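The values are calculated or read from the model by the stated rules, or taken from the named source; none is laboratory data. These numbers were taken from a predicted model, which means no experiment stands behind them. Positions of Cβ are backbone-derived with ideal geometry, glycine not excepted, and every protein chain shown enters the neighbour counts.
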Amino acid sequence: MLTAASAVTGLILPTGMAFAQTASATAQAGNAGHYRFRVGNITATVLSDGLIGGPPRVYASDAPEVELQEVLRHAFLPTDRLTLNLNTLLIETNGRRILLEAGAGQTMGPQGGRVFENLAAIGLLPEDIDVVVVSHTHPDHVGNLRTADGGKAFPRATVFAPRADWDFFVRNDPDLSYMPVPEEFRRNFAAAIKRSVEPVANGIELYEAGTEIVPGLTTLPALGHTPGMANFLVQSGNDQLLLTADLAYHPIVNVDRPWLPGPDRDKDTALASRRRIFDMAATDRLLVLGFHYPFPGLGRMLKTDAGYSWVPANWQF
Ligand SMILES: [Zn+2]
């Protein structure tokens, strides 16, 4: 027994020490904020930009109070604040690196802005990004376009944004009275959009939802949350990935329950978009990435008698 144990110890010790060193390095750096997978020939990597959040009521505007509290408690979540993730996606295709959503940066709280350290963790710098496409121009999707000193955070990237959002939020002073948040929040929200996109305004590529950005990346109209919001369909061979942007904020309130996100500007149009795209996802059994869903945000939509159900995808190593 002793001999066998010594032999085993002798075999595993170096690996064990290496593991201990790796584990301590990981503890210092925190948990991984990147998740790599493939869509056909396309390499896809979810890069977390961190977290935002707010009162649950904001994200479930028409939920009866008792039911909302119950749903949060049953999910073992706090009842006073709902935390949302920021799952940006890097796709690498035909020699180009394309970032889908820029992320929030510090525009909506101190827990955003991690996309740069997560890029670094996979060996990339901001100048390695060729294209940034945003689904809509809310601050949590454009916040990282600007550096602290007012420059372009992705200095080489061509930035694509939906034309209708640009007209509404950037070229005009939007009436945000539909948003169920304090007036000061609305003012900061509107200002954060203009400030974030200012460095890229010259040279911005405005698109209509429904057009192809590059081969393998198509935008789909998903209007209602904002005037121009798009979804993204990434395709390679028989593989597809659907990015649903902000059709839903958190699956427990906007997928598993049908409650309407308060920040939807046109709630009827947003609801129709949500149903049309969730139906497509369920029928075609598509792999879906939810921008604000628990990291890494991948899963599938199931059609149920009551509506839909979110089924997270299994982790892949
Ligand atoms: Zn968002």
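If you take the residues in the range 44-53 that are buried (at least 19 other Cβ atoms within 10 Å of the Cβ) and not polar (S, T, N, Q), which one is farthest from the ligand (Cβ to nearest atom)?
Our first condition is that a residue be buried (at least 19 other Cβ atoms within 10 Å of the Cβ); within the range 44-53, this holds for 44-50, 52-53.
In the following step, the residues that additionally are not polar (S, T, N, Q) were identified as 44, 46-47, 49-50, 52-53.
Working: 44: 19, 46: 15, 47: 15, 49: 11, 50: 13, 52: 8, 53: 11 Å.
The residue in question is 44.
Does the range 145-155 contain any residue that is touching a strand residue (DSSP E or B) at 6+ places or on another chain (Cβ under 8 Å) and within 16 Å of the ligand (Cβ to nearest atom)? Spell out how you get there, then give the answer.
First, the residues of the range 145-155 that are touching a strand residue (DSSP E or B) at 6+ places or on another chain (Cβ under 8 Å): 145-146, 152-154.
Going one step further and asking which of them are within 16 Å of the ligand (Cβ to nearest atom), we end up with 145.
Yes, the range 145-155 has at least one match.
Counted as qualifying within the range 214-295 are the strands (runs of 3 or more DSSP E) with 1 or more residues that are closer than 28 Å to residue 158 by Cα and charged (D, E, K, R), namely 239-243. Restricting attention to the range 235-283, the residues being farther than 28 Å from residue 39 by Cα, among the polar types (S, T, N, Q) and crowded, with 19+ Cβ neighbours inside 10 Å number 0. Restricting 197, 181 to those that are over 21 Å from the mean Cα position of the chain (by Cα), in contact (Cβ under 8 Å) with a residue 60 or more places away in the chain and within 16 Å of the ligand (Cβ to nearest atom) reduces the list to 181.
Within the range 119-144, the set of residues being among the charged types (D, E, K, R) and either more than 25 Å from residue 212 (Cβ to Cβ) or within 16 Å of the ligand (Cβ to nearest atom) (or both) comprises 127, 140.
If you go through the range 96-118, how many residues are over 23 Å from residue 231 (Cα atoms), touching a helix residue (DSSP H, G or I) at 6+ places or on another chain (Cβ under 9 Å) and either in contact (Cβ under 8 Å) with a residue 60 or more places away in the chain or within 14 Å of the ligand (Cβ to nearest atom) (or both)? Residues that pass the stated criteria total 1.
Listed residues 262, 228, 290; which is modelled with pLDDT of 95 or more, within 16 Å of the ligand (Cβ to nearest atom) and in contact with a strand residue (DSSP E or B) (Cβ under 6 Å, 6 or more places away or on another chain)? Don't jump to the end; show me each part of the working.
Working: 262 fails: in contact with a strand residue (DSSP E or B) (Cβ under 6 Å, 6 or more places away or on another chain); 290 fails: in contact with a strand residue (DSSP E or B) (Cβ under 6 Å, 6 or more places away or on another chain).
One residue alone meets the criteria, 228.
Counting only residues that are surrounded by fewer than 23 Cβ atoms within 10 Å (Cβ to Cβ) and either more than 17 Å from the chain's Cα centre (by Cα) or within 16 Å of residue 259 (Cα to Cα) (or both), the range 287-310 holds 9 of them.
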